[in-house]
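Below is one structure, written out as C-alpha cells; comments come after it.
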Amino acid sequence: MGNDDFGGVIGRTTSESEPWWPDPVLPPEGTPNVVVVLLDDTGFGHLGCFGGLVDTPNFDRLAARGLRYNNFHTTALCSPTRACLLTGRNHHSVGMRALANFDTGYPNMRGRIAHSAGTLAEILHEEGFATFAVGKWHLTPMREASAAGPFTDWPLQRGFDRFYGFLQGETDQFHPELSEDNRPTPVPRTPEEGYHVSEDLLDQAIGMVRTKESLVPERPFFLYLAFGATHAPHQAPDEYLAKWRGRFDEGWDICRQRVYERQLEMGVIPPGTELAPRNPGVRPWAELSGDEQRVACRLQEAFAAMLDHTDAQIGRLLDALDDLDLADDTLVMALSDNGASREGLESGITDTFRWFNRIPQPLDEMVRRIEDIGTRWSNTNYPRGWAQVGNSPGRWYKSHTHAGGVRDPLIVSWPNGIDESVNGQIRSQFHHVIDLAPTILEVLGIDVPDAIKGVEQQPIEGTSLAYTFGAEADDGSTVPTRKTTQYFEMQGNRAIWADGWKAVSMHEHDPLHAFEGGLDEDNWELFHLDSDFSECHDRAAAEPERLQQMIDLFWSEAERYGVLPIMDRSGNLFAGHQTPGTPASRDHFVYHPPLARIPPEAAPPLGSRNWVMRFEVDRPTGDEAGVLLASGTFNNGLVVYVDVEGHLVYDHNAFTTHTILRSEDRVPTGPSVLEVQQQRVRRGPGRAWLLVDGVPSAEADIPLVPTMMSPIGMDLGRNPTGVSTAYVAPFAFTGLLSLVTITTRRAFPPDEEVAFEVEAAFLTD
C-alpha cells in the first residue's frame, strides 16, 4: 500500500498527524468453511450410500446430513477434472485437455491451468480465507515437479497457503514421493512403523485446521483434500485386507446385480432403470477358472480394503470438525474425479507396470504372489469385471464419455446452510464438475475478480447448483436443472448433453490400440437420459435428425470452449515436442549429492535408453557400504550399491525378477570410480556391465528391460523404497558419494520413446 492509499494525516511530527489502519481482509462473520474431498477412480456405484458393497459409514454419515447427486458428471480423467473443479471452467478452456504430463503445442493442452483461470484458492485467499491443499495435485507439468521447480504451478503459487502431498498422478501408498509447500519432504515413518499415505494426509490436514483455529480463528478455511485412493496401486493396512477376505467370492455378476438392486431400493437410480449388459471383454464369472476367480477376488478385496481405509480417514476429519465445533458451519463436497478404471485388463494385475509396458502377466505368477496383493509388496489393479461393478448401472469406464467414465458420486453437506428436512435426499438435476466452483462462490457471496495478479480472468463457465439445496428441489421435474448444455471430450471420445438427451461417440476403446482411425469413422449413439439412465437404448437410428442436431451442437461447443484440435489418429498430439531444458531433451545428466528424490519425469529415462552411470566415491576405511542410486520400488526398478562385503552390485528388478551383477573384487579403499552400463534392444532384453576404476568386473544378460519402470523416481545415496531385499532400506551409503553422471543413448527413435511416455502416463492416471 502506497501513501496515496493512506487514510490518515501525515504532518511534520506525530503530534500533527493522524494514524490510520486499513480494515483487515476478512470475510463477514458467519462465512462458512469449505472442504472439498476428492477421491480417485471411484465409480458411481462404489460408495455405500450409492449402493456400493464396501462399508463407507463416514461417507454415508456425510450423505445422511446432506444431499446426494445422482446426475453429476466429471471429465472422465484426473487432471482435467481437477482443473475444472478448482476453476469453474471447462478443461480445454484452461489448457488441461488431458494430463499434466503433456504440452502438445496447442492452447487446450499445456499441462498447467492457464493463469487467466484463477483457482478457488487464489480467489478465496484474497478474500481472507486460509487455504490448504493436501494430497494429490497433478496440475503441474511433471518435468517441473522436482526440487528445482520452477514452482509457478505448484499449489502455493496457485493460491494455497500450505501444501502437503504428492504432485504425480499416482504414488505407492507406502512409499509416496511427498512434497511440503515448495520442497520435497521425506516420508515420516516406514511401512514397518505403520505408515500409509492416506493416514499421513489426514494427520497433516487436521493439523493445519487445528493450527489455524488455534491461532487465527477469525479466518475461515478452504481445505482441498485429494486422496490417492482409490487409484491403483490398491494398497491398505493388513487389518483392512483381512476384513474383506471372502467377501466377494460370489463373483462380479452377482455382486453387480446386488449393487443395482441396492441402488433401486435407495432411489439412487430412477425406477425402471436397466442394468447395462456386460462390457465387451468382461467374461461371465462362471467361465473363469478357479485360479482366475481366486486372484480376481483377492484383487477386489484389496480395492475394498483401500476404500474402507479411506472412509476411516474421512471419519477422522469429520470427528475433528465436530471436536473443533466447526461441523455445522462447514460446507463439505465429496466426489470422485472419474469412473472406475479398466487398467487391470480382463484378469487383473499384481504389477501394474506390466500393463504399461504391454507385457502380459502369467496367471501362475499372480497365483504365486496372491498373498502379496494389497500389501506394500504389490502394485495391483483389479479386473475390468470389478470395475464395471463400481460403475453400476452404467457402461464402460474411466476415460470414456459414456456413463461409466463421466457419471460420478457427489455428496454435499452443510448443516447451517441446507435445511435438515432435506438431509439424506437425492438430487437429480444434471450437473458437471465445472459447477462446483460457482456454487462455492455463490454460497460465500464472492464474485470472480476481473484480474488476478494482473492477469485478466476468463469468464466462469459453470452453473451454480446452490438452487438445489432447497426442499422444493427434491423433484428434478418440478425444479429442473439450470444447466442447458455440457460437452465431453477425452482422448477423442466425445459426447454432448442437452435437454435430457445425450449423444456419445467412442473413439478410443483401449489405449493400447488407440488412434487407429479418424474421427469421421466413429459411430455416434443417442440416448434419452431422462428415461434411460444407464444408456441402454440407442435411439440414433430412430431419430437421425435429433442425432445430427446433437452432433452439430457438439462441434459448436467444441469451437466455443477451445476443444479443437481433437486427437484423431495422430498420437503425437499428446506428446508434442521435447522441451529444451527438460530431462527428456538431454542425454547427459550430472548430479551433485545429496539430492532429494528426483521424480520419474525429471529423471533420466533409464528404461527406454541405453546408459552409462559413473559414481565418484570415497571409502576411507574400506568398510563403507550402501546404496549409490535407486529407482522404483520392490515391485519394479533398479538399484546400484556397495554391499557389506565391499563389492559393487547392480540389481535390475523387472516385476520382482532380479538380475544381479556383483563385482569380482571388492571396491578399493579410498577414492574410486564405479561404473554401470546397460544396453537394451527394442521391447526386449538387455545386457549390463560393471566396471571398477575402468576395469571390467562383471557382466550379464537381462532377460527383460521394462520401458516404463515405476511411478516412484530416483534416489541418490539411499533407497527408502527397498528395490532389493538384500539390505534393509534405506541402506544409506556410509562413504562419500561426490558426483554421479549418467549418459544416455536412445534405444528407440525419439517419436517412439515419446509414444511410450504418452501411453504410460495415460494408463497410470
In segment 350-368, residues that are out of contact with any helix residue (DSSP H, G or I) (no Cβ under 9 Å at 6 or more places or on another chain) and buried (at least 21 other Cβ atoms within 10 Å of the Cβ) total 1
Being over 19 Å from the mean Cα position of the chain (by Cα), buried (at least 18 other Cβ atoms within 10 Å of the Cβ) and closer than 30 Å to Ser608 by Cα narrows Ser347, Ser341 down to just Ser347
Flagged in segment 687-697 as crowded, with 17+ Cβ neighbours inside 10 Å and without any contact (Cβ under 8 Å) to a residue 40 or more places away in the chain, in numbering order, are Ala688, Trp689, Leu691
Scanning segment 596-640 residue by residue, those surrounded by fewer than 22 Cβ atoms within 10 Å (Cβ to Cβ), touching a strand residue (DSSP E or B) at 6+ places or on another chain (Cβ under 6 Å) and part of a loop (DSSP other than H, G, I, E, B) turn out to be Ala596, Ala603, Ala625
Considering segment 67-116, residues that are more than 19 Å from Met142 (Cα to Cα) and of a type in the set (Phe, Trp, Tyr), and then whichever is nearest to the chain's Cα centre (by Cα), we arrive at Phe72
Considering only helices (runs of 4 or more DSSP H) wholly within segment 365-449, the ones with at least 3 residues that are more than 22 Å from the chain's Cα centre (by Cα) and in contact (Cβ under 8 Å) with a residue 12 or more places away in the chain are 436-444
Among helices (runs of 4 or more DSSP H) completely within segment 194-294, the ones holding 3 or more residues that are out of contact with any Phe, Trp or Tyr (no Cβ under 7 Å at 6 or more places or on another chain) and within 28 Å of Pro176 (Cβ to Cβ) are 197-215, 238-243
Sole miss for Ile359 among (1) aliphatic (A, V, I, L, M); (2) modelled with pLDDT of 95 or more; (3) assigned to a loop (DSSP other than H, G, I, E, B) is condition (2)
Considering residues that are modelled with pLDDT of 95 or more and farther than 19 Å from Thr657 by Cα, the number found within segment 679-697 is 8
Restricting segment 654-678 to residues that are modelled with pLDDT under 95 and crowded, with 16+ Cβ neighbours inside 10 Å, the one farthest from Pro605 (Cα to Cα) turns out to be Thr656
Could you tell me whether segment 670-680 includes any residue that is part of a loop (DSSP other than H, G, I, E, B) and either free of Cβ contacts under 8 Å to residues at least 60 places away in the same chain or under 40 Å from the mean Cα position of the chain (by Cα) (or both)?
no
Val34: passes all of (1) among the β-branched types (Val, Ile, Thr); (2) part of a loop (DSSP other than H, G, I, E, B); (3) farther than 30 Å from Arg256 by Cβ but (2)
Per the filter on segment 37-80, residues small (Gly, Ala, Ser), more than 27 Å from Gly445 (Cβ to Cβ) and not in a loop (DSSP other than H, G, I, E, B) are Gly48, Ala64, Ser79
Among Asp291, Asp311, Asp249, the single one that is within 25 Å of the chain's Cα centre (by Cα), over 30 Å from Asp23 (Cα atoms), in the same structural domain as Met333 (by TED's automatic domain parsing) and of a type in the set (D, E, K, R) is Asp311
State yes or no: is Thr104 closer than 29 Å to Ala327 by Cα and of a type in the set (Val, Ile, Thr)? no
Scanning segment 526-569 for residues that are over 28 Å from the mean Cα position of the chain (by Cα) and within 18 Å of Thr273 (Cα to Cα) gives Leu526, Phe527, His528, Leu529, Asp530, Ser531, Asp532, Cys536, His537, Asp538, Arg539
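The values are calculated or read from the model by the stated rules, or taken from the named source; none is laboratory data. Here the structure is a predicted model, which is why all the values come from computation and not from measurement. Neighbour counts are summed over all protein chains in view; Cβ atoms, including those assigned to glycine, are modelled from backbone coordinates with ideal geometry.
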